[in-house]
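Here is the structure we will look at.
The values are calculated or read from the model by the stated rules, or taken from the named source; none is laboratory data. Remember, predicted model here, so these are calculated numbers, not experimental data. A quick note on method: Cβ atoms are made from the backbone with ideal geometry, for glycine too, and the neighbour counts reach across all protein chains shown. Heads up: the accessible areas ignore ligands, DNA and RNA and are worked out on the full protein's heavy atoms, side chains in. Shrake-Rupley method; radii C 1.70, N 1.55, O 1.52, S 1.80 Å.
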Amino acid sequence: MPQFQEKSLFETWPALRYVIYAIIALILSVLHVVFLNLISVSSITPDLLLVLCVWISITEGQFIGIFAGFGCGLLFDVLSADVLGTNALAKTLAAFVAGYFFKAKFTDQTIGSYKFIIAVFVCSMVHNLTYFFFFFRPTEISFSGFFLKYGIASTLYTSVSAVFPMLIKAQKLTVRH
């Protein structure tokens, strides 16, 4: 007698993950544009879309992550009326770097540990330096002030915001085992 094995929704329709990623990216973009100014510190806000791009790169791999980074960046450029392409380039490079943290059998363990925070920190530094390179005007701010404000402070704020998804994943891992 044949036994039937139940399949999850993701196994029967693999493209559903990408649809969910797109919906999350749209929600995070709107949240960033509308509400994140409420928790800004000296006009610095965490980049939640970058955290999503790192998550996708670690979960799906570098190739899919690059597309996610470009798509998320382009979406944010359009919604925020920013210079078209700057976020797309910066998030694409950050997702490329995040892809080096991808290990096929250990994605849950990577996301549910301090390695995720390290990945977000490194990728946020790459993102911020790439993005703000286009906006750096030597007459307005010194390079050291620029680096401290946009390089370090923004990176730290984004890395702190990545603690929440890491803890959620870590909790799911401990419940499962």
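Descriptive notes on the structure:
- Across region 55-114, the mean sequence separation of Cα contacts (distance under 8 Å, 6 or more residues apart), normalised by length, yields a relative contact order of 43 percent.
- Over 25 Å between alpha carbons, listed pairs K103/K149; K91/K172; K91/K115: K103/K149; K91/K172
- When the residues I56, I152, I168 are ordered by accessible surface, computed with a 1.4 Å probe over the protein chains alone, the sequence from largest down reads I168, I152, I56.
- Between helix 163-176 and the chain: long-axis angle, C-alpha atoms, 0 to 90°, nearest 10: 10 degrees
- Neighbours of C123, meaning other residues whose beta-carbon lies under 11 angstrom from its beta-carbon, give a summed charge of 0 when Lys and Arg score +1 and Asp and Glu score -1.
- Using the Karplus relation 6.51 cos²θ - 1.76 cosθ + 1.60 with θ = phi - 60°, the per-residue 3J(HN,Hα) values for region 142-156 come to 6, 5, 5, x, 4, 5, 5, 6, 8, x, 7, 4, 5, 5, 5 Hz, with x marking Gly and Pro.
- Mean-position separation - Cα centroids, region 16-33 and region 57-99, in angstrom: 13 Å
- Based on C-alpha pairs under 8 angstrom that are at least 6 apart in sequence, the chain has a relative contact order of 22 percent.
- Cα-centred dipole magnitude for the chain, charges only on beta-carbon of K, R (+1) and D, E (-1), debye, nearest 20: 400 debye
- The angle separating the long axis of helix 86-98 from the principal Cα axis of greatest extent in the chain is about 50 degrees.
- Heavy-atom accessible area per residue - region 9-156, 1.4 Å, Å²: 53 Å²
- Only one residue of Y114, A81, S161 has its Cα farthest out toward the positive end of the dipole of region 56-177, where Lys and Arg carry +1 and Asp and Glu -1 on Cβ, and that residue is Y114.
- Most mobile of S43, S113, S124 in a GNM of the chain (Cα contacts under 10 Å): S43
- L38 accessible area, 1.4 Å probe, all protein chains in place, Å² to nearest 10: 140 Å²
- Heavy-atom accessible surface of the chain: percent carbon and sulfur, 1.4 Å: 72 percent
- If you plug the beta carbon distance of V83 and A22 into 1/(1 + (r/R0)^6) with R0 = 25 Å, you get a FRET efficiency near 0.65.
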